[in-house]
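Everything below concerns the one structure shown next.
Nothing in this text is a laboratory measurement; each read-out follows from the coordinates by a stated rule. All of these numbers come straight from a predicted model, not from anything done at the bench. Cβ atoms come from the backbone with ideal geometry, glycine included; neighbour counts cover every protein chain shown.
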Amino acid sequence: MKKYIIFDFDGTIANTNDIIIESWQATFRKYLGHELAVRDIEATFGETLRHTISYMIPDAEIEEVVDHYRKYQEEHNKGKVYVFPGVRELMDELRAKGCKIGIATSRTRNSLTKYMNELGIEGCVDEIISVEDVSKHKPNPESVTALLDKFGGTPDEAIMLGDTKFDVGCAQNAGVESVLVGWSHYVDEESMAADGYEPTYRIAEPRELLDLI
């Protein structure tokens, strides 16, 4: 049985997709003068904010855009973020089985803990690795290896769930089995395969994880 269950947060535990897309569109309107296709935004899910800005809005001052994006999201997220159905129940059952739960996210620790507190899941998680805790981000394995160091575990004892190719790549590069979740948004699996990433498993519902571990 897997001892350490590693979750991505955005798009895996919580549905933040709508407010993320809305925040990007507001940012694109301000800095590009137009919106982008939703699929183009979904393709950036899992990247760090600064990396996405660097090539999507290359002529802008990155920190200014970061501030605008974060301010918009903070001011407009009320009632738009929720835990995906079945995920809280899965986390509770995993902990009842003695598993340790970690989150590896490209989100800041402050915004992550704020959402976790609002959603009432702060007590479900044992360890967190946020964007500030690593120098290299997904698909680099650093966030997963940092969690395993905190847990005192090995890659074969862990499994990681995520909704993007960056999560799959992160797990794969860390030597950890990966699960691509099917309850979030469209995933371009051709792009994922082109990058050399292949999830170990795919699940459509949270409870399916219990059969894998």
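What to note about this one:
- Stretch gain in nm, segment E132-I213, where the contour uses 0.36 nm per residue and the Cα spacing is subtracted: 26.2 nm
- Cα-based Rg of the stretch 17-76 normalised by 2.2 N^0.38 Å, two decimals: 0.98
- Projecting the Cα atoms of I41, G11, Y72 onto the dipole axis of the stretch 1-74, where Lys and Arg carry +1 and Asp and Glu carry -1 at the beta carbon, places G11 farthest toward the positive end.
- The antiparallel fraction among DSSP beta bridges confined to the chain stands at about 10%.
- Sequence-separation-based contact order of the chain, relative, with Cα cut under 8 Å and 6+ spacing, percent: 26
- About its Cα centre, the stretch 52-91 has a charge dipole of approximately 400 debye under the convention of +1 per Lys or Arg Cβ and -1 per Asp or Glu Cβ, with nothing else charged.
- Dipole of the stretch 91-188 [Lys/Arg +1, Asp/Glu -1 at C-beta], most positive-end residue of L147, V181, H137: H137
- Chain lengthening between T200 and K150 when straightened (0.36 nm per residue, less Cα-Cα): 15.6 nm
- Listed pairs K100/K165; K78/K136; K2/K100; K2/K136 exceeding 20 Å between Cα atoms: K100/K165; K78/K136; K2/K136
- Cβ crowding within 10 Å ranks H51, H137 as H51, H137, fewest other Cβ atoms first.
- Within straight-line cross-link reach of K80, aspartates and glutamates at Cα separation under 19 Å, skipping those fewer than 8 residues along the same chain: D8, D10, D18, E22, E42, E118, E122, D163
- Cβ-placed point charges (K, R +1; D, E -1), dipole of the stretch 17-76 about Cα centre in debye, nearest 20: 80
- Partners of K97 within straight-line reach, counting aspartates and glutamates whose Cα lies under 16 Å from its Cα and excluding those fewer than 8 residues away in the same chain: E89, D126, E157, E208, D211.
- Computed [θ] at 222 nm, helices only, for the chain once each DSSP H run of length n ≥ 4 contributes -39500 (n - 2.57): -12500 deg cm²/dmol
- Computed label-point distance, nm, for sites E189 and E75 using a 7 Å Cα→Cβ extension: 4.1
- Note on I129, I203: ascending count of other Cβ atoms within 10 Å places them as I203, I129, the fewest first.
- Charging the Cβ of each Asp and Glu at -1 and of each Lys and Arg at +1, and nothing else, the dipole of the chain about its Cα centre rounds to 440 debye.
- Each residue in I62, I13, I53 was given a count of other beta-carbon atoms within 10 angstrom of its own, and listing them fewest first yields I62, I53, I13.
- Taking the centroid of alpha carbons for each part, the stretch 144-167 and the stretch 1-38 are 21 Å apart.
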